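One structure is given below, represented as C-alpha cells, and several questions about it will come after.
Every read-out reported here was derived from the displayed coordinates using simple, explicitly stated rules and does not represent laboratory data. What you see is a predicted model, and the numbers here were worked out from it, not measured in a lab. All Cβ positions, glycine included, derive from the backbone under ideal geometry; neighbour counts span all protein chains shown.
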Amino acid sequence: MVSKLEKVRNKRIQQGRPRRQGVPRYDSGLINYAALKPETEKEIKATVIEARRRVHGYGKGVPNETVGSKFAGYTLGRMFLDGKISEQEREAGDEYALVMSRYYMLLGSSPSVRAQEIFRVSGYSGEITESYQRAMSRATNAMMFYEGVLLDRKDGPKIKTTVYNVCVMDYEAMREMPGSQLELLRCGLLAIAETMTCATRG
C-alpha cells in the first residue's frame, strides 16, 4: 500500500518540470553549470526570468534586467525593486540576514527550511576548536547586538519579528504587508544601518 507521503511525492513529480536533456551532469546527477555552453546559460536565465514573472507577479512592463537581478531572488530584494525600501535599508537587511545565517550555521541548525541561506555559510563540523569557539563567540555577539538594537526601539518586539520574518525567514507574504507594518520594518532596518559597524567589533 502506498503511503500518503509517497502519493504526495509522486504527485509533485508528475506536476514538476521534466528532467533537462542534453546538459552536462556530475556523477550525482546534478547539472554541471560550469560546463554549460553560453547558449544554455541564456536558456537557463530565460527560464528563471519566466518563473519569477509567474511566481512573483512581475508584469510585462518590468524589464528583464530587473527580473533577472540578484535582488529579485529573495523577499527583501524584491521589496527593494518594488520601491518599498531604500538601498540603505536593503543593505542593512542583507547584513542582518548574514549575521543571523552565520550564527545559525555555526550553531549547526537553521530556523526554517524556508529560510534563505545567504552566501551559503558553512555549518558547524562537530569538532570544538579554538577557532570555532572564537567564530561562534563573534557570531553570537553580533546576533545579540542586533537583537538588542531592534528590541531597544519603540514597539521593539514587533519590529524584531517583522525584520526577522522578512530578512531571515524570507516569507513572500511579507512583501504585501500593510503600511503600518512596513514602517516597523523600515524603522528596524534603519536602526541596523545606523549601527552596522558596531556589530562586528570584538
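All other residues with a Cβ under 12 Å from the Cβ of Gln181 taken together, and with Lys, Arg as +1 and Asp, Glu as -1, what is their net charge? Please report the intermediate quantities before stating the final value.
Numbers: positive: Lys84, Lys158, Arg175, Arg186; negative: Asp155, Glu176, Glu183.
Taking every Cβ under 12 Å from that of Gln181, the sum is +1.
Additional query: Determine, for each peptide in 27-34, 145-152, the mean count of other beta carbons within 10 angstrom over its residues, then list the peptides with the highest first.
Numbers: 27-34: 9.0, 145-152: 18.2.
With the highest mean Cβ count within 10 Å placed first, the list reads 145-152, 27-34.
Sticking with this one: Express in whole angstrom the spacing between the alpha-carbon centres of the range 28-45 and the range 147-169.
If you average the Cα positions of each part, the centres end up 39 Å apart.
Further question: So what are the radius of gyration and Dmax for the Cα set of the range 50-92, in Å?
For the range 50-92, the Cα radius of gyration and maximum Cα-Cα distance read 10.1, 30 Å.
Quickly rank 89-97, 68-76 as a protection proxy: mean count of other C-beta atoms within 10 Å, highest first. Walk me through the numbers on the way to the answer.
Values: 89-97: 22.7, 68-76: 17.1.
Final packing ranking: 89-97, 68-76.
Beyond 17 Å, what share of the Cα-Cα pairs of the range 137-185 is found? Please give it as a whole percent. Intermediate values should be presented prior to the final figure.
Working: 435 of 1176 pairs.
In whole percent, the long-distance tail amounts to 37.
From the Cα gyration tensor of the range 1-81, with a ≥ b ≥ c the square roots of its eigenvalues, which class applies: rounded if a/c is under 1.5, or else prolate if a/b is larger than b/c, or else oblate? The partial results should precede the final answer.
Working: a/c = 2.46, a/b = 1.32, b/c = 1.87.
Note, shape of the range 1-81 comes out oblate.
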